[in-house]
Amino acid sequence: MNIWTFDQEKDLNTTGAGLIAALLQSKPKAVLGLATGSSPVGIYNELIDMYRRGLVSFANASSFNLDEYVGLPVDHSESYRSFMNEKLFKHVDIKLENTHVPDGNAPDPDAECAHYEQLVNDHGPVDIQLLGIGHNGHIGFNEPGANLTGGTHVVDLKEETLKANARFFPSFDDVPKQAMTMGVASILKAKQILLVARGEDKAEIIRTALRGPITTECPASLLQCHPNVIVLLDRGAGRFM
Ligand code: GLP
């Protein structure tokens with residue numbers, strides 16, 4: 001595992017964006033694994049900037065997002081589809097039909113998860129998977145527990161995740177209680193993983209995930225099993241590393 005800590009946010013963002021841009025330059029048809037949350041946004045901004053300067057193109061690339069809320073209208077500003085459209089897709093030349101986010105409004109959520117898993121497998125493996133980390137060690141929406149599900153599945157969100165995500169909704173009660181997420185096994189199939197964490201409030205979970213035991217009680221700790229992980233941390237998140 002390569003763990004890089006940055007004093008300047010800008011350097012973290014250009015490094016993350018640079019890795020993705022280099023992949024796209026050498027492999028224009030790359031399959032990108034994308035994430036939501038605040039952690040990747042600076043990297044998306046940097047990629048948009050590089051695109052505007054003619055340094056990178058997404059024209060032949062495809063993307064798969066990790067997760068989506070169940071039952072939130074797709075045009076709701078907090079759906080992960082809206083997030084991706086707003087934060088990245090509409091600013092670059094990726095073809096929307098080549099971007100994939102689980103359909104959180106599918107009439108049969110389990111069937112949609114199976115379909116999404118098949119889609120990722122058919123197009124994959126993902127070349128580079130961008131990941132954030134929840135305060136409880138979740139990746140995607142794989143919540144800690146005695147068991148993990150390997151493939152894409154529906155998950156009941158933990159109280160702490162609902163609380164963390166309540167900042168994006170008018171009230172706690174408005175936060176969707178379920179999500180669809182790629183499983184840890186699906187995530188680990190990516191050729192390379194780029195884990196991003198920012199802020200002192202992530203320092204403890206970063207230490208637990210990267211230095212602690214590999215356990216389903218901290219889903220991010222399973223990243224220790226992957227042969228090609230790069231971790232980008234700001235000074236706060238990297239405090240104990
Ligand atoms: C959400 C997402 C995760 C993300 C996490 C952390 O729960 N499903 O994919 O990693 O939040 O978000 P942030 O980067 O805003 O701390």
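The values are calculated or read from the model by the stated rules, or taken from the named source; none is laboratory data. No experiment lies behind these values; they were computed from the predicted model shown. Positions of Cβ are backbone-derived with ideal geometry, glycine not excepted, and every protein chain shown enters the neighbour counts. These accessible areas exclude ligands, DNA and RNA; they are computed on the full protein's heavy atoms, side chains included. Shrake-Rupley method; radii C 1.70, N 1.55, O 1.52, S 1.80 Å.
Give the residues of the range 36-78 that are among the charged types (D, E, K, R) and either closer than 29 Å to Gly137 by Cα or within 11 Å of the ligand (Cβ to nearest atom) (or both), sorted by residue number. The answer is Glu46, Asp67, Glu68, Asp75, Glu78. Listed by first and then second residue, the pairs linking a residue in the range 37-59 that is closer than 13 Å to Val196 by Cβ to a residue that is within 14 Å of the ligand (Cβ to nearest atom) and of a type in the set (Asp, Glu), with Cβ atoms under 7 Å apart and 6 or more places separating them unless they lie on different chains, are Gly42/Glu9. Pairing each residue of the range 161-176 that is in contact (Cβ under 8 Å) with a residue 40 or more places away in the chain with any residue that is charged (D, E, K, R), provided the two are 6+ apart or on different chains, yields C-beta distances under 8 Å for Phe168/Glu78; Phe169/Glu78.
Among the residues of the range 1-49, those that are open to solvent by less than 50 Å² (accessible area, probe 1.4 Å) and assigned to a loop (DSSP other than H, G, I, E, B) comprise Ala30, Ala35, Thr36, Gly37, Ser39, Pro40.
Residues in the range 162-187 that are surrounded by 18 or more Cβ atoms within 10 Å (Cβ to Cβ) and part of a helix (DSSP H, G or I): Ala164, Asn165, Val184, Ser186, Ile187. Please find, among Glu97, Glu112, the residue that is of a type in the set (Asp, Glu) and touching a Gly at 6+ places or on another chain (Cβ under 9 Å). Glu112 is the lone residue from the list that is of a type in the set (Asp, Glu) and touching a Gly at 6+ places or on another chain (Cβ under 9 Å). A Cβ distance below 7 Å, combined with a sequence gap of six or more or placement on separate chains, defines the contacts here; from the range 128-142, residues that are within 16 Å of Met84 (Cβ to Cβ) reach residues that are outside any loop (DSSP other than H, G, I, E, B) and near the ligand (Cβ under 6 Å from one of its atoms) in the pairs Gly140/Asp67; Phe141/Asp67. State whether one or more residues within the range 152-159 are farther than 18 Å from Gly37 by Cβ, more than 16 Å from the chain's Cα centre (by Cα) and β-branched (Val, Ile, Thr). Yes: one or more hits.
Counting the residues of the range 50-96 that are part of a helix (DSSP H, G or I) and open to solvent by less than 60 Å² (accessible area, probe 1.4 Å) gives 9.
Among the residues of the range 194-241, those that are closer than 25 Å to Ala146 by Cα, hydrophobic (A, V, I, L, M, F, W, C) and surrounded by fewer than 20 Cβ atoms within 10 Å (Cβ to Cβ) comprise Ala203, Ile214, Cys225.
Scanning the range 193-222 for residues that are touching a Ser or Thr at 6+ places or on another chain (Cβ under 6 Å), within 13 Å of the ligand (Cβ to nearest atom) and in a helix (DSSP H, G or I) yields a single hit, Ala209. For the range 129-136, the criterion of being within 13 Å of the ligand (Cβ to nearest atom), modelled with pLDDT of 95 or more, surrounded by 17 or more Cβ atoms within 10 Å (Cβ to Cβ) and small (Gly, Ala, Ser) is satisfied by at least one residue.
When Val126, Val154 are checked against the criterion of being open to solvent by less than 50 Å² (accessible area, probe 1.4 Å) and in contact with a Phe, Trp or Tyr (Cβ under 8 Å, 6 or more places away or on another chain), a single residue qualifies: Val126.
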